[in-house]
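Every number here is computed from the coordinates shown, using simple stated rules; none is lab data. Note that the structure is a prediction, hence the values are computed from the model and not measured. We place every Cβ from the backbone using ideal geometry, glycine too, and count neighbours over all the protein chains shown.
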Amino acid sequence: MTEISISIPVSAQPLGKAVFVMLGKGFDEIEALAPVDIMRRAGMEVFTVSMTDNRLVKGATGNLVVADMSISDLEPELIDWLVFPGADKSENAVNLNENLQNLISEHWEKGGNIAAICAAPALVLGPLGIINKVKATGYPFLKDDFERAGGIYSEDPVVVGERLITSKGPGTTLEFALAIVRKAKGTKTEQTLRSGMIIS
């Protein structure tokens, strides 16, 4: 068997406050990469972050993605939005270690913005108390986990709060991403994207 080597570019460096999409092993590729694409089209500074020091991350359907940076490169003071795609309940992407949990909690407590889709609202944000007594949504099969964490489950495809945006799953990804754009860049930018991308 021929060995193949991959040349990984130097880690990206944000110029200021930015959006960071967190990639752990088993992340849902649509829920992670479609929002990255849409937010960049909107002119937002967006970076993918491996949840480990290995920037090569394997997604749920086997796609290998080279993250823009590793978790050790992430400077908390530069975080505007943290974005969490979903994953199967058994995967690392939704089973965070203590350091990552602390990073999210501190970001939230300091008034930061968070967006999470599919399993992430229940499994990432739920244990941290972020959805407690909050109207939000997530993957329907995890409704019990969601409510055990104190969340007020909504059947809406996307729920937008003051600093929290949640969404149901792969099929609601475009609306999820556009909701982040609307919150960050305004309705005019969102409508321009909808028109250009032919999203009704």
**OP:** Within segment 158-198, list the GluC sites (Glu not before Pro) lying in a DSSP loop whose Cβ has at most 11 other Cβ atoms in a 10 Å radius.
**Re:** E162
Subject >> Cβ-based net charge around V94, under 12 Å, with every Lys or Arg adding one and every Asp or Glu removing one >> reply: -3
Original post:
Restricting attention to segment 85-147, which trypsin sites (Lys or Arg not before Pro) occupy a DSSP loop and are surrounded by at most 16 other Cβ atoms within 10 Å?
Top reply: K89, K110, K133
Original post:
Based on the Cβ-Cβ distance of E147 and V10, what FRET efficiency does E = 1/(1 + (r/R0)^6) give at R0 = 45 Å, to the nearest 0.05?
Top reply: 0.55
Subject >> Distance (nanometres) between label positions extended 7 Å along Cα→Cβ at S154 and K110 >> reply: 2.7
Original post:
What is the mean projected area of the alpha carbon convex hull for segment 47-114, to one decimal in square nanometres?
Top reply: 4.6
Original post:
Summing +1 for each Lys or Arg and -1 for each Asp or Glu, what net charge is found among the other residues whose Cβ lies under 10 Å from the Cβ of G169?
Top reply: -1
Subject >> Debye-sum result for segment 82-143 in log10 I(q)/I(0), which assumes one identical scatterer on each alpha carbon, at q = 0.17, 0.18, 0.26 Å⁻¹ >> reply: -0.51, -0.58, -1.22
Original post:
In deg cm²/dmol, rounded to 500, what helix-only [θ] at 222 nm does the chain give when every DSSP H run of at least 4 residues adds -39500 (n - 2.57) and the total is split over its residues?
Top reply: -8500 deg cm²/dmol
**OP:** State, to one decimal in nm, how far the label point of Q191 lies from the label point of N99, with both points 7 Å from Cα in the Cβ direction.
**Re:** 4.6
**OP:** Just list whichever of K133/K188; K135/K185; K110/K143; K143/K188; K58/K133; K89/K188 have alpha carbons separated by over 30 Å in the model shown.
**Re:** K133/K188; K143/K188; K58/K133; K89/K188
Original post:
When the convex hull of the C-alpha atoms of segment 94-200 is computed, what volume per residue in Å³ does it have?
Top reply: 100
**OP:** For the chain, set up a Gaussian network in which alpha carbons nearer than 10 Å are linked by springs, and say which option among F141, F84, F20 fluctuates the most.
**Re:** F141
**OP:** Subtract the Cα-Cα distance of N54 and K17 from 0.36 nm times their separation in residues, and report this length gain in nm to one decimal.
**Re:** 11.0 nm
Subject >> Relative contact order (%) - criterion: Cα under 8 Å, at least six apart; region: segment 18-191 >> reply: 21
Subject >> Inter-centroid distance (Cα atoms) of segment 102-130 relative to segment 63-101, Å >> reply: 11
Subject >> For Q191, net neighbour charge (Lys/Arg +1, Asp/Glu -1) across residues whose Cβ lies under 15 Å away >> reply: +4
Subject >> With 10 Å bins from 0: P(r) over segment 18-191, alpha-carbon pairs, percent >> reply: 11, 44, 38, 7
